[in-house]
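Just below is one structure, and these are the notes that go with it.
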Amino acid sequence: MAVETGVLRNSVDIETRRKKQKALMKQMLEHSPDAGSYAPVTVLVDERPEGVMLSYDRMASFLAPYGNDEASKVARNLDAKVEALLAKAAG
């Protein structure tokens with residue numbers, strides 16, 4: 001349970017542990033060791049009065065400051081997969 005501005009609500013962090021995401025993170029690490037500080041991918045599922053919210057910080061935005069095109073390409077691929085999974089889960 002989490003409390004925000006006096007409103008009690010449910011929330012949970014989900015770390016993705018699927019083999020494919022791990023493989024993509026490994027690829028990013030090969031191109032940019034700094035990517036390791038953003039692993040594993042985390043998704044927040046948060047129940048709010050207006051409904052359930054799914055939150056995810058795009059890996060590509062985390063890696064953009066490092067200027068590594070190959071790592072960014074892998075990150076965009078991972079982001080697309082996570083966002084597709086979230087869209088499917090959201091119905």
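When the residues of segment 32-51 are filtered to those that are more than 14 Å from the chain's Cα centre (by Cα) and free of Cβ contacts under 8 Å to residues at least 24 places away in the same chain, the one that is surrounded by the fewest Cβ atoms within 10 Å (Cβ to Cβ) is Glu50.
Of the strands (runs of 3 or more DSSP E) that lie entirely inside segment 1-52, those containing 3 or more residues that are under 20 Å from Ala87 (Cβ atoms) and at pLDDT 65 or above span 42-48.
The values are calculated or read from the model by the stated rules, or taken from the named source; none is laboratory data. It should be emphasised that the depicted structure is a prediction, and the values quoted were computed from it without experimental measurement. Positions of Cβ are backbone-derived with ideal geometry, glycine not excepted, and every protein chain shown enters the neighbour counts.
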